[in-house]
1. Which condition does Thr85 not pass, out of (1) surrounded by 13 or more Cβ atoms within 10 Å (Cβ to Cβ); (2) modelled with pLDDT under 95, if it passes all the others?
2. Mind checking which residues of segment 10-39 are part of a loop (DSSP other than H, G, I, E, B), at pLDDT below 95 and either among the aliphatic types (A, V, I, L, M) or out of contact with any strand residue (DSSP E or B) (no Cβ under 8 Å at 6 or more places or on another chain) (or both)?
3. Condition first: hydroxyl-bearing (Ser, Thr, Tyr) and outside any strand (DSSP E or B). Now tell me which residues in segment 123-141 satisfy that.
4. Of these, Thr42, Thr73, Thr5, Thr77, which one is in a strand (DSSP E or B) and more than 28 Å from Ser124 (Cα to Cα)?
5. Across segment 100-118, what is the number of residues that are under 16 Å from Ala142 (Cβ atoms), touching a Phe, Trp or Tyr at 6+ places or on another chain (Cβ under 7 Å) and touching a residue at least 24 places away in the same chain (Cβ under 8 Å)?
6. Consider Thr68 carefully, then state whether it is outside any strand (DSSP E or B), open to solvent by 60 Å² or more (accessible area, probe 1.4 Å) and at pLDDT below 95.
7. What are the residues in segment 109-137 that are closer than 13 Å to Trp154 by Cα, modelled with pLDDT of 95 or more and of a type in the set (S, T, N, Q), if any?
Amino acid sequence: EQIVTNAAPILAAISDYTVNVGQTIEFTAEATDADSSAQTLTFVLLAGPANATLDPNSGAFSFRPLVTQANSTNNFTLKVSENGTPSLSATQSFAVVVNPLAAPTISSISVAGGQFSFSIGGQSGPDYAVETSTNLTHWSTAFITNSPALPFLWMDTNSAEPRQFYRIKLGPPLP
């Protein structure tokens with residue numbers, strides 16, 4: 001009589017990360033199963049923020065921290081299971097530290113040919129939006145850029161208002 005044993009899959013260790021808001025962490029979890037019979041491996045994210053994803057078939061992981069996750073430590077646990085009898089699994093945990101968010105800066109303010117422009121600087125990673133208002137109460141989004149190279153120059157080519165206010169908003173998320 002032949003005794004068949006089922007070996008648990010092995011999930012490779014996952015390093016901790018430190019990132020800025022908006023910087024995406026992407027990797028594919030590496031799992032192996034020593035069983036000679038072809039078994040299907042399935043991945044599950046057991047713990048982590050709702051804006052992280054893990055593909056159940058490939059183990060592809062992605063996480064892009066939001067502004068609300070600045071200055072935080074996010075703990076993740078990934079699990080891989082196989083479909084042998086009995087079904088066995090392995091887990092790995094890791095942390096993502098999201099740096100505090102730095103306020104954006106505005107410099108090199110100028111008016112030329114009736115057009116207002118300024119340079120926007122700040123932390124790499126976040127998305128940047130320029131919002132405008134004529135009364136400091138109602139704001140409109142004039143421009144959005146995702147994780148731009150900094151600093152960048154922005155020019156208001158649409159303002160016909162005699163008085164215009166500007167502010168910079170960071171994301172994700174942005175409208």
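1. (1)
2. Ala34, Ser36, Ser37, Ala38, listed by residue number.
3. Once the filter is applied, which keeps residues that are hydroxyl-bearing (Ser, Thr, Tyr) and outside any strand (DSSP E or B), segment 123-141 yields Ser124, Thr134, Thr137.
4. Step by step, each of Thr42, Thr73, Thr5, Thr77 is checked, and only Thr42 is in a strand (DSSP E or B) and more than 28 Å from Ser124 (Cα to Cα).
5. 4
6. Here the answer is no, as Thr68 does not meet what is asked.
7. Across segment 109-137, the qualifying residue is only Ser119.
The values are calculated or read from the model by the stated rules, or taken from the named source; none is laboratory data. Worth saying up front: this structure is predicted, and the values here are computed from it rather than measured. Glycine also receives a Cβ, built like all others from the backbone with ideal geometry; neighbour counts cover every protein chain displayed. Please note that ligands, DNA and RNA were not included when accessible areas were found on the heavy atoms of the full protein model with its side chains. Shrake-Rupley method; radii C 1.70, N 1.55, O 1.52, S 1.80 Å.
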